[in-house]
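The values are calculated or read from the model by the stated rules, or taken from the named source; none is laboratory data. The structure displayed is predicted, hence computed values, not measured ones. Cβ placement follows ideal geometry from the backbone for every residue including glycine, while neighbour counts extend to all protein chains displayed. Side chains are part of the model used for accessible areas, which takes the heavy atoms of the whole protein and leaves out ligands, DNA and RNA. Shrake-Rupley method; radii C 1.70, N 1.55, O 1.52, S 1.80 Å.
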Amino acid sequence: MEIAKSNIVRSNAGRDKGKLFFVLAVEGEYLLLADGKSRKVEAPKRKKRRHVLFVEDSDTRLAEKIKSDEKITNSELRRTLAVYREEKIPDQEG
């Protein structure tokens, strides 16, 4: 699937390998990524498409804000990604 603005992706290369990010913008073969913690909205990470894996096409209120270029906050990113992790990737204790 083609990675688009407001998708959730997982880094599969670099020091941020394994982390989840929202795609804030698409610039040719590059994506601008932010998670609200290590990469803020004000300074998103510029990463090549081939270095990330598509995870989900988010349909949250935050995704709608990203698509319509409304102002988003770092806390919104953190909160939404935390909820996603809780729902989709439960702790593997046992």
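State whether segment 39-88 is rounded, prolate or oblate according to the following rule on the C-alpha gyration tensor (a ≥ b ≥ c being the square roots of its eigenvalues): a/c under 1.5 gives rounded; otherwise a/b larger than b/c gives prolate, and the remaining case gives oblate.
Details: a/c = 1.42, a/b = 1.06, b/c = 1.35.
Rounded is the answer for segment 39-88, as its axis ratio a/c remains below 1.5.
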Shape call, segment 1-43: gyration tensor on alpha carbons, a/c limit 1.5:
oblate
Please list, in chain and number order, the residues 5+ apart from SER58 or on another chain whose amide H is under 5 Å from its amide H, with Hs placed from the backbone.
ILE8
Any idea how far apart ASN12 and ARG49 come out in nm if each label point goes 7 Å out from Cα toward Cβ?
1.4
Could you list the residues of segment 11-32 with an amide nitrogen less than 11 Å from a label point located 7 Å from the Cα of ASN74 in the Cα-to-C-beta direction?
none
Express the accessible area of the chain per residue in Å², computed with a 1.4 Å probe while the remaining protein chains stay in the model.
64
List, in order, the whole-Hz ³J(HN,Hα) value for each residue of segment 16-26 obtained from phi through the Karplus relation with A = 6.51, B = -1.76, C = 1.60 and θ = phi - 60°; use x for Gly and Pro.
9, 3, x, 7, 8, 9, 9, 7, 8, 7, 10
